[in-house]
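**Q** Structure in structure tokens, see below.
The values are calculated or read from the model by the stated rules, or taken from the named source; none is laboratory data. This is a predicted model, so every value here is computed, not measured. Note that we place each Cβ from the backbone using ideal geometry, even for glycine, and neighbour counts take in every protein chain shown. Calculation scope for accessible area: heavy atoms of the full protein, side chains included, ligands and nucleic acids excluded. Shrake-Rupley method; radii C 1.70, N 1.55, O 1.52, S 1.80 Å.
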Amino acid sequence: METIRFFHVADLHLDSPFKGLKHLPKEMFERIHNSTFASFEKVVKEAIERRIDFMILSGDLFDEEDRSIRAQAKLVKQFQTLHTYDIPVYIVHGNHDHLGSRRLEIDMPDNIHIFHEKTEVKHLTTKNGALVDIVGFSYGTRHIRERRVGEYPKGTADRYTIGILHGSEGSIHSSHETYAPFTVDELLVKNYHYWALGHIHQRRILHEEPFIVYPGNIQGRHRKETGAKGCYEVVLGGHHTELSFIPTHDLIWETCKVSLKGTGRFGEVFQRIQQAMESICGDSLIEILLTDEDSLTKDINIKIDNGDLLEALQSDIGGHGEMKWVHSIRRSTGKSGFREQDPFKQEVIATLENMDEEDWNEALAELYEHTSIYRFLEPLEEDEKKSLKYETRHLLENKG
Ligand SMILES: [Mn+2]
């Protein structure tokens with residue numbers, strides 16, 4: 001069979017709000033807020049340069065159910081660019097941007113092929129005459145709990161068959177909710193040439209020949225989505241696959257571990273952190289993780305806990321050409337100046353102190369994603385979160 005070349009992209013989460021970073025300097029926040037778009041623009045640029053035959057988007061193009069017109073317009077502009085270069089795009093919608101969500105649709109150019117909520121096969125003939133069947137379905141509603149892979153027809157010998165599936169592989173434990181679950185074996189029996197998965201934001205190759213792949217999201221959105229992000233270029237020739245990862249992120253999230261062994265002065269602590277940060281390349285949002293803090297004086301401990309150190313690090317940034325922003329400092333001991341000696345309680349308190357947007361979502365998921373409750377709930381305000389933390393701490397301190 002003729003060789004085919006395509007991009008596998010997933011979880012764009014365009015227009016992610018980055019709510020937790022609103023307090024940042026305006027220019028910086030705008031850069032971050034635009035990063036999901038910037039990453040997709042790079043995807044499109046690479047697609048054109050590499051002259052791919054087609055592109056697959058495996059769900060969660062948008063972050064919110066009621067996607068903004070601004071986000072849609074920006075996406076359509078990129079689709080039009082692909083249209084100019086005669087590159088078709090095959091799209092399924094996922095749990096974040098399901099078909100039933102409230103929206104004002106902007107008309108799509110005719111190179112855009114969106115899958116129906118019923119599983120269907122789309123046929124494509126590439127410029128060099130290769131026949132490709134692409135199979136998939138879009139989420140009609142937010143919660144697709146049932147197994148859907150049974151609806152996928154078997155692949156045929158005379159053509160390429162590619163499956164698109166936005167869902168959860170059974171053995172992966174992640175913070176993502178379980179949707180449209182499947183196992184690798186269930187996919188293998190279909191005899192497809194490639195499985196273009198979406199939903200899990202961490203890049204993973206579940207199987208080779210045929211390749212079963214989560215490309216991860218294209219731009220990290222919080223401190224846990226660290227490292228390079230992007231998409232895969234896939235070249236299929238008969239039963240041989242070439243897979244290359246293409247980084248397209250605009251900004252990178254990193255955790256930078258800093259040992260404070262033997263440090264006695266605040267200046268030394270500051271310097272150690274700066275040195276450690278030099279190893280991070282590119283524009284980044286950095287979490288500092290302090291370890292070996294035993295030798296720290298009480299005075300330095302206070303300066304870490306009251307935010308002085310973070311403030312000093314943040315005010316030093318800029319003027320070096322690269323953007324390196326320390327968004328938080330975490331302590332390995334989890335002491336945070338708290339009297340508690342019980343290591344279990346210390347751990348719980350440290351976890352509590354370091355909860356970010358994603359952690360709250362995770363903790364509240366059962367309530368906030370409950371089919372009949374979620375629509376009645378308002379998101380928690382910062383002061384509500386604070387009082388929840390306070391109450392939890394209070395409980396821990398006062399119960400044996
Ligand atoms: Mn997603």
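**Q** Identify the residue in segment 192-212 that is within 16 Å of the ligand (Cβ to nearest atom) and open to solvent by less than 30 Å² (accessible area, probe 1.4 Å) and, among all such residues, is farthest from ASP133 (Cα to Cα).
**A** First, pick out the residues of segment 192-212 that are within 16 Å of the ligand (Cβ to nearest atom): 196-204.
Still in the list and also open to solvent by less than 30 Å² (accessible area, probe 1.4 Å): 196-201.
Details: ALA196: 13, LEU197: 16, GLY198: 18, HIS199: 22, ILE200: 24, HIS201: 26 Å.
Restricting to residues being within 16 Å of the ligand (Cβ to nearest atom) and open to solvent by less than 30 Å² (accessible area, probe 1.4 Å), the top hit is HIS201.
**Q** Consider segment 48-70. How many of its residues are surrounded by 17 or more Cβ atoms within 10 Å (Cβ to Cβ) and touching a Ser or Thr at 6+ places or on another chain (Cβ under 9 Å)? Outline the logic, then answer.
**A** Of segment 48-70, the ones surrounded by 17 or more Cβ atoms within 10 Å (Cβ to Cβ) are 52-64, 67.
Keeping just the survivors that are touching a Ser or Thr at 6+ places or on another chain (Cβ under 9 Å) gives 53-54, 59, 62-64, 67.
So the answer is 7.
**Q** I'm checking my understanding of the structure. Among residues of segment 294-342 that are among the basic types (Lys, Arg) and modelled with pLDDT under 65, which one is least open to solvent (accessible area, probe 1.4 Å)?
**A** So the residue we want is LYS335.
Condition check ((1) open to solvent by 20 Å² or more (accessible area, probe 1.4 Å); (2) more than 23 Å from the chain's Cα centre (by Cα); (3) within 16 Å of the ligand (Cβ to nearest atom)) across all residues:
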{"residue": "HIS93", "(1), (2), (3)": "no, no, yes"}
{"residue": "HIS98", "(1), (2), (3)": "no, no, yes"}
{"residue": "ASN111", "(1), (2), (3)": "no, yes, no"}
{"residue": "PHE115", "(1), (2), (3)": "no, no, no"}
{"residue": "ALA130", "(1), (2), (3)": "no, yes, no"}
{"residue": "ILE134", "(1), (2), (3)": "no, yes, no"}
{"residue": "GLY170", "(1), (2), (3)": "yes, no, no"}
{"residue": "SER174", "(1), (2), (3)": "yes, no, yes"}
{"residue": "LYS190", "(1), (2), (3)": "yes, yes, no"}
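**Q** Now for a separate question. Against the condition more than 22 Å from the chain's Cα centre (by Cα) and outside any strand (DSSP E or B), how does ARG51 come out, does it pass?
**A** Details: more than 22 Å from the chain's Cα centre (by Cα): yes; outside any strand (DSSP E or B): yes.
The answer is yes for ARG51.
**Q** Can you tell me which of (1) without any contact (Cβ under 8 Å) to a residue 12 or more places away in the chain; (2) touching a Gly at 6+ places or on another chain (Cβ under 7 Å) is the one GLU268 doesn't meet?
**A** Among (1) without any contact (Cβ under 8 Å) to a residue 12 or more places away in the chain; (2) touching a Gly at 6+ places or on another chain (Cβ under 7 Å), the lone unmet condition for GLU268 is (2).
**Q** Kindly list, by first and then second residue, each pair from a residue in segment 379-391 that is closer than 17 Å to ASP356 by Cβ to a residue that is open to solvent by less than 70 Å² (accessible area, probe 1.4 Å) and hydrophobic (A, V, I, L, M, F, W, C), limited to pairs with Cβ atoms under 6 Å and residues at least 6 apart or on different chains.
**A** LYS389/LEU352
**Q** Can we say GLY220 is at positive phi and either in contact (Cβ under 8 Å) with a residue 12 or more places away in the chain or out of contact with any helix residue (DSSP H, G or I) (no Cβ under 8 Å at 6 or more places or on another chain) (or both)? If you could, list the steps in order and put the result at the bottom.
**A** Numbers: at positive phi: no; either in contact (Cβ under 8 Å) with a residue 12 or more places away in the chain or out of contact with any helix residue (DSSP H, G or I) (no Cβ under 8 Å at 6 or more places or on another chain) (or both): yes.
No, not satisfied.
**Q** Answer yes or no: is there a residue in segment 63-77 that is basic (Lys, Arg) and within 16 Å of the ligand (Cβ to nearest atom).
**A** So the first thing to find is which residues in segment 63-77 are basic (Lys, Arg), and the list is 67, 70, 74, 77.
Remaining after also requiring within 16 Å of the ligand (Cβ to nearest atom): 67.
For segment 63-77, residues basic (Lys, Arg) and within 16 Å of the ligand (Cβ to nearest atom): present.
**Q** Consider segment 176-186. How many of its residues are in a loop (DSSP other than H, G, I, E, B) and crowded, with 21+ Cβ neighbours inside 10 Å? Break it down stepwise before answering.
**A** Looking only at segment 176-186, we keep the residues that are in a loop (DSSP other than H, G, I, E, B), and these are 176-181, 183.
If we keep only those that are crowded, with 21+ Cβ neighbours inside 10 Å too, we end up with 180.
Here the count works out to 1.
**Q** With the requirement that a residue be in a loop (DSSP other than H, G, I, E, B), among the basic types (Lys, Arg) and under 14 Å from SER332 (Cβ atoms), what does segment 255-293 give you?
**A** Here is the first cut: in segment 255-293, the ones in a loop (DSSP other than H, G, I, E, B) are 260-265, 278-283, 292-293.
If we keep only those that are among the basic types (Lys, Arg) as well, we get 261, 265.
LYS261, the sole residue that qualifies.
**Q** Only one of (1) free of Cβ contacts under 8 Å to residues at least 40 places away in the same chain; (2) crowded, with 23+ Cβ neighbours inside 10 Å; (3) closer than 25 Å to GLU2 by Cα; (4) of a type outside the set (Ser, Thr, Tyr) is not met by LYS154, so which one is it?
**A** (2)
**Q** Additional query: Name the pairs whose Cβ atoms lie under 7 Å apart, with the first residue in segment 8-25 and within 11 Å of ILE218 (Cβ to Cβ) and in the same structural domain as GLN314 (by TED's automatic domain parsing), the second modelled with pLDDT under 90 and more than 14 Å from the ligand (Cβ to nearest atom), and 6 or more positions between them or separate chains?
**A** Filtered contacts from segment 8-25: no entries.
**Q** Six or more apart or on different chains, Cβ under 6 Å: which pairs go from a residue in segment 90-101 that's assigned by TED's automatic domain parsing to the domain that holds THR126 and within 11 Å of GLY167 (Cα to Cα) to one that's open to solvent by 10 Å² or more (accessible area, probe 1.4 Å) and within 14 Å of the ligand (Cβ to nearest atom)? Could you list them?
**A** Close Cβ pairs (under 6 Å, with a partner that is open to solvent by 10 Å² or more (accessible area, probe 1.4 Å) and within 14 Å of the ligand (Cβ to nearest atom)) amount to ASN95/ARG142.
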